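**Q** Here it is, the structure in full.
The values are calculated or read from the model by the stated rules, or taken from the named source; none is laboratory data. Note that this is a predicted model, so its numbers are computed, not measured. Please note: Cβ atoms are built from the backbone with ideal geometry, for glycine as well, and neighbour counts cover all protein chains shown. Quick note on the areas: whole protein, heavy atoms, side chains included, nothing else; ligands and nucleic acids left out. Shrake-Rupley method; radii C 1.70, N 1.55, O 1.52, S 1.80 Å.
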Amino acid sequence: MTSPPKAFEADPPRNDDRVAAALRGFGPLGILAILLILSGNFLFSPLSAVLVLVWVWLSRTPWHAIGFVRPKSWIGSLAIGIAFGCVFKLLMKAIVMPLLGADPINQAYHYLAGNTAALPGMILTFIIVAGFGEETVYRGWMFERLRKLWGTAVWARTLMVLLTSVVFGLAHYSVQGRAGAEQAIITGLVFGTIFAVTHRIFMVMVAHAAFDLMALAIIYWDIETDVAHFIFK
């Protein structure tokens, strides 16, 4: 007589499955990945965003987990992001930063005033490094990591917005000083809240790029003082 067939047994996990799971977790390999991604900003600004994309691929993390979701309308999201980013920057420059006592002139970037030769490089930097790169790291990836630790409750999402905003602000301190850090914290709170509510990053990327490009336009045309004193003379 033949013996009865054995019960179905799942194949043992492959090595790449174990590596992917370890990268998604918070063991030695997961922590090493976090440190490598964070250190990317100190070596080459866009490197952290590139490392995040590599991490998502190797860890088999769904792209939607970091907010990479197809917009309901590409054109609509683009238009809303541009409009919001530009208006947000004007409000920050004319109302919020003067109330915080910030210098009307952004000393770190004032060399761009009338500097036509520097425009192409700065435009690309603000779109790729700031809009795409910083949002991928500080909103998409950081929110995914913290969500894995804390869950999705309202208190958890609130803490995510607060913590990532402070980290975002500190990252701007070395170049732009206190005023730059304060502005980055505020923008982080706004962009982080939008992302926490929508779970979509494209519009936030566009708004961030538009915010920085509006700042570039104000500096290039040398009207920083005029905008900063538009309401508070």
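**Q** Are there chymotrypsin sites (Phe, Trp or Tyr not before Pro) in the stretch 70-143 that DSSP puts in a loop and that have at most 11 other Cβ atoms within 10 Å, and which ones?
**A** Sparse-neighbourhood loop chymotrypsin sites (Phe, Trp or Tyr not before Pro): none present.
**Q** Compute the helix-to-body angle for 47-59: its Cα long axis versus the longest principal axis of the chain, expressed 0 to 90° and rounded to tens.
**A** Result, in degrees: 20.
**Q** So, one more: Summing -39500 (n - 2.57) over the DSSP H runs of n ≥ 4 in the chain and dividing by its residue number, what mean residue ellipticity at 222 nm do you reach, to the nearest 500 deg cm²/dmol?
**A** Details: 9 runs with 141 residues, N = 233.
So the calculated ellipticity at 222 nm is -20000 deg cm²/dmol.
**Q** Using a ≥ b ≥ c from the Cα gyration tensor of the chain (square roots of the eigenvalues), is it rounded, prolate or oblate, where a/c under 1.5 gives rounded and otherwise the larger of a/b and b/c decides, a/b for prolate? Numbers along the way, then the final one.
**A** Values: a/c = 2.51, a/b = 2.40, b/c = 1.05.
Judged from the Cα gyration tensor, the chain comes out prolate (a/c at least 1.5, a/b above b/c).
**Q** What list of ³J(HN,Hα) values in whole Hz, one per residue of the stretch 84-90 in order, does the Karplus curve 6.51 cos²θ - 1.76 cosθ + 1.60 (θ = phi - 60°) give from phi, with Gly and Pro shown as x?
**A** 5, x, 5, 5, 4, 5, 4
**Q** Straight-line reach only, C-alpha to C-alpha below 12 angstrom: list the aspartates and glutamates that Lys89 could link to, leaving out same-chain residues fewer than 8 apart.
**A** Of all the aspartates and glutamates, those that pass the test against Lys89 - Cα under 12 Å, at least 8 places apart if same chain - are Asp212, Glu224.
**Q** Another question about this same structure. Rounded, prolate or oblate, given the Cα gyration tensor of the stretch 72-121, with a/c below 1.5 counting as rounded?
**A** On the way: a/c = 4.22, a/b = 1.32, b/c = 3.19.
Judged from the Cα gyration tensor, the stretch 72-121 comes out oblate (a/c at least 1.5, b/c at or above a/b).
**Q** Moving on. For the pair Tyr173 and Leu53, how long in nm is the line joining their label points, each one 7 Å along Cα→Cβ?
**A** For the pair Tyr173/Leu53, the computed spacing is 3.1 nm.
**Q** Arrange the residues Leu216, Leu36 by how much accessible surface each exposes, largest first, with a 1.4 angstrom probe.
**A** Leu36, Leu216
**Q** What part of the accessible area of the stretch 181-233, given as a whole %, is carbon or sulfur when the probe is 1.4 angstrom?
**A** Answer for the stretch 181-233: carbon and sulfur cover 72 percent of the accessible area.
**Q** Kindly report the accessible area of the chain per residue (heavy atoms of protein chains, probe 1.4 Å, no ligands, DNA or RNA), in Å². Numbers along the way, then the final one.
**A** Details: 13140 Å² over 233 residues.
For the chain, the per-residue accessible area is 56 Å².
**Q** Give a residue-ordered list of calculated ³J(HN,Hα) values for the stretch 125-137 (Karplus: 6.51 cos²θ - 1.76 cosθ + 1.60, θ = phi - 60°; whole Hz; x for Gly, Pro).
**A** Karplus-based 3J(HN,Hα) across the stretch 125-137 equals 4, 5, 7, 7, 6, 7, x, 7, x, 5, 5, 4, 7 Hz.
**Q** Report the gain in length on full extension from Leu162 to Asp222: 0.36 nm times residue separation, minus Cα-Cα distance, nm rounded to one decimal.
**A** Full extension of this stretch gives 18.3 nm more.
**Q** At 7 Å along Cα-to-Cβ for each site, give me the label-to-label distance between Thr198 and Ser73 in nm.
**A** The answer from the label model is 1.3 nm.
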